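What follows is a short report on a single structure.
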There are 4 protein chains.
Amino acid sequence: MKRPIPSDVVEKAARDKLTERGVTVEDIAKIVYDLQKPYNPSITMEACMKSTDAVLSKREIQHAVLVGVELDMLAEQKKLSEPLQSLVSSDEGLFGVDETIALGSVFGYGSIAVTTFGYLDKQKVGIINELDKRKPKVDTFLDDLVASIAANAAARLAHRGRDIEENLNRDEIKKREDEELIG
Amino acid sequence: MKRPIPSDVVEKAARDKLTERGVTVEDIAKIVYDLQKPYNPSITMEACMKSTDAVLSKREIQHAVLVGVELDMLAEQKKLSEPLQSLVSSDEGLFGVDETIALGSVFGYGSIAVTTFGYLDKQKVGIINELDKRKPKVDTFLDDLVASIAANAAARLAHRGRDIEENLNRDEIKKREDEELIG
Amino acid sequence: MKRPIPSDVVEKAARDKLTERGVTVEDIAKIVYDLQKPYNPSITMEACMKSTDAVLSKREIQHAVLVGVELDMLAEQKKLSEPLQSLVSSDEGLFGVDETIALGSVFGYGSIAVTTFGYLDKQKVGIINELDKRKPKVDTFLDDLVASIAANAAARLAHRGRDIEENLNRDEIKKREDEELIG
Amino acid sequence: MKRPIPSDVVEKAARDKLTERGVTVEDIAKIVYDLQKPYNPSITMEACMKSTDAVLSKREIQHAVLVGVELDMLAEQKKLSEPLQSLVSSDEGLFGVDETIALGSVFGYGSIAVTTFGYLDKQKVGIINELDKRKPKVDTFLDDLVASIAANAAARLAHRGRDIEENLNRDEIKKREDEELIG
């Protein structure tokens, strides 16, 4: 059997592809920040950067990025066969494989991630909006991938936030219980 | 083997449940109209009503409605066991089974339906917003079901719209071709 | 705005791609037949061919076929960039974008289609098994697409079967009711 | 705002529900073991138990278990309204909300988990098969939940296995490199 491609090679390639296409972790973290701010006013950009980074370390996301960006770049170079070339390069309205690939990697953080992805896909905020406008680049898959990564990072923070909150509460409770035992 | 429950009985029950919970086909069609108007300025409420109606004739949707509304009503009557009772009656943020059930019936009309559902779930327009506010009713599942039906009906119109457009074009082309042949 | 690619062009291209890659409607229909036979002993190959054909007329399926076969062929010609080239050409175990794309088009016929797809993906019957073996062809995406089309066609028959059965029953009932009214 | 239900209360309730319905972690781990054995001959029951346990600590799974088992038990007590009561208690073929709820919690471990779930749903091995047969218990939702947990635990092991393998390789390589440096 062939030796599998090492995970770190795949991860580096996926991260490089994003950078190469003009998308930084910070760009995505900004979307995450805006998504989470209303629910968690004390959220920091640093936490959003960390969460985005954690999402990017998942295999399913990396694979989705590799496939999506490859198709965008091939379309840009007019190397896809017709009619796929036209479907991708025109980001035609009823073509949904871009959303499908992005959705596949969005289920990992639960239904909140899925609905947030849907919202971002319609609202096109921040870097997603910029990608949508730049010409003559083809970003049919990339904008959905970015929406997916941001949705995952936001959902991850929502879940983590609850855990932290509860642990604090439990520590709080324990401290009080310990206090009552004193003396 | 037991005789299956006739489809028309299931369909009537699902439609009745929606009415009973204060949601009409027209309420849903209004959301569909607002969703489609920007893409198709000549859209009519009648077309949106018909599309909503068509979606409601699908088994997966009917089953989702029956389960979701049942859980809402049981929670309202405090008949669920704890902690499910509290999770459902408080529509707790990280509880996602309501979105999951609604999502299950939203895949039927493609990825456009999925992203539209995500958008509606966040934006809570029209009747979805009203359901979200009314107290002391429990509508944890119902608002997602309505978002799902509206998303499906809108996606259905987007697909149908293309078909109609293309047929018109083809008829148009044929008419012109026929015209050229005259004389 | 650019004129959308006509639906019949997309449909023809998707059907041609399947043929070109050695997969006929009959190959897929055979899988459908084997899937449905235990539940419906009177099923015919003709019905399975028709159902497969109906599934192939759906846009989501056609788009999935166009993308998947394109990636297989590019991998075959070693035209993908690394490490995607190796991931696709070795059909590496943890690479799941092929299943994701196929899954995206399998939700359309409900959860029965999804579970049937999962089953076929593991069991690899009929043409799926043959595709899996032929070398040096790359069929990483194609075998999942075939499983998806077969699962959809089988689920479609299961739903249609119920409808037909119920209509027969209703006609039967009506005939008896009419009979009772006579005289 | 109401205080959210503590995560440990939800987790304990979900685990208790499974036990109460006659499903142990070991029952599920046995399915996981049989699934993974062909791919990883050195797999142990202990690893499968641990993986199952890790899956049960996820919120989405716990919520799905709480909802599914509640509906099974309500159906058993004939406390659901018609026609839902009949749909659930007869586990009617075209009723798919049970699979939908289970699917919702299966996406978390990638597309391998989804296809494995589909396979288990069809093949009904081990405890899934026993649940399917026991009468007059209603286990319409439970068998899909068990399939979902097992599929997740197996997919988790497949991903973890790769990580471990690669780390070992890297350590192996490092040890050799260190060795070469000696002397």
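For the range B:56-67, putting each phi into the Karplus relation 6.51 cos²θ - 1.76 cosθ + 1.60 with θ = phi - 60° gives couplings of 5, 8, 8, 4, 4, 5, 4, 4, 4, 4, 4, 5 Hz, in residue order, rounded to whole numbers and with x for Gly and Pro.
When the listed pairs C:135/D:30; B:133/D:78; C:30/D:30; A:124/C:17; B:78/D:17; A:17/C:79 are checked against a 24 Å cut-off, the alpha-carbon distance exceeds it for C:135/D:30; B:133/D:78; C:30/D:30; A:124/C:17. Of all alpha-carbon pairs in the range D:1-50, indicate the percentage at a distance above 11 angstrom. When all Cα pairs of the range D:1-50 are counted, 72 percent exceed 11 Å. The ratio of the alpha-carbon radius of gyration of the range A:7-156 to the globular-protein estimate 2.2 N^0.38 Å is 0.99.
Using alpha-carbon pairs under 8 Å, 6+ residues apart, how would you state the relative contact order of chain C in percent? Here the relative contact order equals 28 percent. Thinking of the protein assembly as shown as a set of Cα atoms, what percent of all their pairs are more than 35 Å apart? The answer is 45 percent, as a whole percent. Distance between the pseudo-spin-label points of residue C:125 and residue D:130 (7 Å out from Cα toward the beta carbon): 2.8 nm. Note on chain C: GNM, Cα springs under 10 Å; of C:80, C:103, C:56, the largest mean-square fluctuation is that of C:80. Annotation for the D:A interface, with buried accessible surface near 1600 Å², both sides summed [1.4 Å probe; non-protein components not counted]. Look at the stretch B:60-71: the mean tally of other chain Cβ atoms within 10 Å of its residues' Cβ atoms is 6.
For the pair the range D:26-66 and the range A:33-88, the centres of their Cα atoms are 31 angstrom apart. Per residue, the convex hull around the alpha carbon atoms of the range A:25-108 comes to 116 Å³. The coefficient of translational diffusion for the range D:34-73, derived via Stokes-Einstein from the alpha carbon Kirkwood radius under 25 °C and 0.890 mPa s, stands at 207 µm²/s.
Normalised by residue number, the volume inside the convex hull of the Cα atoms of the range A:60-109 is 65 Å³ per residue.
The values are calculated or read from the model by the stated rules, or taken from the named source; none is laboratory data. Source: prediction; values computed, not measured. Neighbour counts run over all protein chains shown; Cβ positions are idealised from the backbone, glycine included. Remember, those area values only see protein heavy atoms, side chains included, never the ligands or the DNA or RNA. Shrake-Rupley method; radii C 1.70, N 1.55, O 1.52, S 1.80 Å.
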